[in-house]
1. Can you tell me the dipole magnitude for segment 89-131 around its Cα centre, using point charges on the Cβ only (Lys, Arg +1; Asp, Glu -1), in Debye to the nearest 20?
2. Extension gain Ala95-Ala109, at 0.36 nm per residue separation less the Cα-Cα distance, in nm?
3. Could you run the Karplus curve 6.51 cos²θ - 1.76 cosθ + 1.60 with θ = phi - 60° over segment 128-133 and give me ³J(HN,Hα) per residue in whole Hz, x for Gly and Pro?
4. Quick one: which residues, 5+ away or cross-chain, put their amide H under 5 Å from the amide H of Ile148? H built at 1.01 Å from N.
5. So what J values fall out for segment 107-118 if you push phi through Karplus, 6.51 cos²θ - 1.76 cosθ + 1.60 with θ = phi - 60°, rounded to Hz, Gly and Pro as x?
6. Over all directions, the average projected area of the alpha-carbon convex hull for segment 57-155 comes to how many nm²?
Amino acid sequence: MVLGAVVGLGLMACRAPEPTVAVEVPATDPPMMAVALGSPPSGDETVKPKPEPKGYKVAVTKVSVAEAEDGNGKTIPAGDARALDLTGPAFPVRALDPVLHIGALHFHAYSYPDRGVLRFVVADVRFLPTEAEVYLQYGDDVHSRIVIARSLGAVK
């Protein structure tokens, strides 16, 4: 009897697949390709500029630590280390950890030193570019990007 049940299930698994149905996916605004590449295709007037940061701030504070990130994926002995404290309306809870991007640099190690504060530490303040955009992103999901500041500018 058990053998018959197993054979019966095996036959069901061998059925032909259901026919697929084509589904039209609406275009995104801005177009997904432009978001993924970071710049709009030539002549595309539908892409809007990035919105200004709303309520998010970054504070740069001198800290004393033995080691910290260099922004290139390594933890190194700290020199003139700085804490980058992010504050804002909310940092969403996600399955992926937040990554702080400052230009081409990326910081992965973070802590919550206080309620509503997300802290990353850079090994040396000289590594930080002053004119690069500061944003938080969860993994490779560009749609999760939160612009914190247009640049560190005078904050550093």
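Read-outs throughout are calculated quantities, based only on the coordinates presented, and are distinct from any laboratory measurement. Everything numeric here is computed off the predicted structure, so don't read it as measured data. All Cβ positions, even for glycine, are placed from backbone atoms using ideal geometry, and neighbour counts span all protein chains on display.
1. Working: 4 positive and 4 negative charges, 24 e Å.
So the magnitude is around 120 debye.
2. Details: separation 14, 0.36 × 14 = 5.04 nm, distance 1.55 nm.
Stretched fully, the Ala95-Ala109 segment lengthens by 3.5 nm.
3. Residue by residue, segment 128-133 yields 7, x, 8, 10, 9, 5 Hz.
4. HN-HN under 5 Å from Ile148: Val134, Tyr135, Leu136.
5. For segment 107-118, the Karplus-derived couplings read 10, 10, 7, 9, 8, 10, x, 7, 4, x, 10, 10 Hz, x marking Gly and Pro.
6. Details: hull surface 24.0 nm².
Averaged projected hull area, Cα only: 6.0 nm².
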